[in-house]
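Here is the structure we will look at, set down as structure tokens.
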């Protein structure tokens, strides 16, 4: 088969959808059955998969600038389909895979990956300009797509119900954690942790954007109720993008930092993130809504026990290995965090079973299941 893969989301350091696109591309490159694999970014083909040393941004800077202006959004919406149509002319013998929701006008078969429905079901948690753009454009993808891929069964069911799209044409393809997320000893982590003023096994970790959907205020409230001895011994460390609509989150976080039991590292270099995971005592992730929840697998792959919410897709990802509760149940969340920090018997089991569980997900399996979707679309004629 001939495949055109959209690599727009691939930007270093890799996170979320960029990580998915990059790892899927690498696995497809190594897979049998793909005759040609071409990469498309912005409105043109690119010679190869973007790398960490690539100084170009594949049009990402332009898209970020566009999102700040309603007029620019409209110009972008009108102009880019024309440019993409021209670039893709004569490629109808290939299948186009939009890895980040969107499919441009294309004369051949096409597939899109929908990672979640938060622009629709959690619109209040996103910047207004982004919502307006996505809500206008995603309908076109639904008209063009021959099949859709979701990261979780939860999102598959949600997508079918919300848009009344045929569920038999929506396929769940789970993601995975990447090789750099693995168990590491204290000696291997010492220098990296020292750079951030941390010690091995001496903190709880949260990784995610500072935005309402991540439920950070509830996490801070729950952590604040721990005995002083616990939260001083194992402070809560948060890292991730600055995000949006987060004034209240930042105020609550600043108070926690002032009280001495929380640290906010901001966004750390990509090479440091797996080391922060591996050095943590506990990973906490009480998100309100996730299309998948990759950080849960990344923590388990790193040999770190997990406390997370039981919302949306997270039970699929965490299985029976994590301690889970309702994302708004502060008292129970406090109890689970305390157990995750102190209960050595549970921790030993969680580490062992977490490693096994995370290993059951792989990018090779993701690629094989994605290729099965391609084959189904192409065989439909």
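Would you please give the FRET efficiency between residue 331 and residue 251, computed as 1/(1 + (r/R0)^6) with r the Cβ-Cβ distance and R0 = 25 Å, to the nearest 0.05? Working shown, then result.
Numbers: r = 23 Å, r/R0 = 0.90.
Using R0 = 25 Å, I get an efficiency of 0.65.
Report the extension gain between residue 165 and residue 120 in nm, rounded to one decimal, defined as 0.36 nm multiplied by the number of residues separating them, less their alpha carbon distance. Intermediate values should be presented prior to the final figure.
Details: separation 45, 0.36 × 45 = 16.20 nm, distance 1.50 nm.
Fully extending the segment from residue 165 to residue 120 adds 14.7 nm.
Rounded to whole Å and ordered largest first, report the semi-axes of the equivalent ellipsoid of the chain derived from its Cα gyration tensor (root of 5λ). List each step's numbers first, then the result.
Working: eigenvalues 271, 98, 78 Å².
Each semi-axis is the square root of five times an eigenvalue, giving 37, 22, 20 Å.
For the ranges 211-224, 343-356, what's the packing order if you count other beta-carbon atoms within 10 Å of each residue, average per peptide, and put the highest first? Could the numbers behind the result be given before it?
Details: 211-224: 21.9, 343-356: 14.6.
Highest mean packing first, the order is 211-224, 343-356.
So how do 282-291, 95-104 stack up, highest first, on mean other-Cβ count within 10 Å?
On the way: 282-291: 24.4, 95-104: 22.8.
Top of the packing list down: 282-291, 95-104.
For residue 31, project a label point 7 Å along Cα to C-beta. Then give me every residue of the stretch 85-113 with its amide nitrogen under 20 Å of that point.
92-104, 108-113
Measure out, as a whole number of angstrom, how far apart the alpha-carbon centroids of the stretch 126-175 and the stretch 307-332 sit.
With the stretch 126-175 and the stretch 307-332 each reduced to a Cα centre, they are spaced 24 Å.
What length, rounded to one decimal in nm, is gained on full extension from residue 264 through to residue 92, with 0.36 nm per residue of separation minus their alpha-carbon distance? Write out the running numbers ahead of the final one.
Numbers: separation 172, 0.36 × 172 = 61.92 nm, distance 4.88 nm.
This chain segment gains 57.0 nm when fully extended.
Counting only DSSP beta bridges with both residues in the chain, tell me the antiparallel percent, nearest 5. The partial results should precede the final answer.
Working: 3 of 37 bridges.
Counting only bridges with both partners in the chain, antiparallel ones make up about 10 percent.
I want to check the label-to-label distance for residue 187 and residue 130. Put each point 7 Å from Cα in the C-beta direction and report it in nm to one decimal.
Result for the modelled spin labels: 4.3 nm.
In what sequence, highest mean first, do 238-244, 185-191 appear when ranked by Cβ atoms within 10 angstrom? Before the final figure, lay out the partial values.
Values: 238-244: 17.4, 185-191: 12.1.
Output ranking for 238-244, 185-191: 238-244, 185-191.
Return the FRET efficiency for the residue pair residue 45, residue 344: r is the Cβ-Cβ distance, R0 is 51 Å, and the value is rounded to the nearest 0.05. All intermediate terms of the calculation are to be shown ahead of the outcome.
Details: r = 54 Å, r/R0 = 1.06.
Once the sixth-power term is evaluated, E becomes 0.40.
When DSSP assigns beta bridges and you keep just the ones with both residues in the stretch 186-359, what percent turn out antiparallel, to the nearest 5?
Antiparallel bridges: around 0 percent, rounded to the nearest 5.
Could you work out how far helix 344-359 tilts from the main Cα principal axis of the chain, as a 0 to 90 degree angle to the nearest 10?
Here the helix axis deviates by roughly 10 degrees.
Only the coordinates and a few stated rules stand behind these numbers; no lab work does. All values derive from a computational prediction rather than experimental measurement. Because the Cβ atoms are built from the backbone with ideal geometry, glycine has one as well, and the counts that use them run over all protein chains shown.
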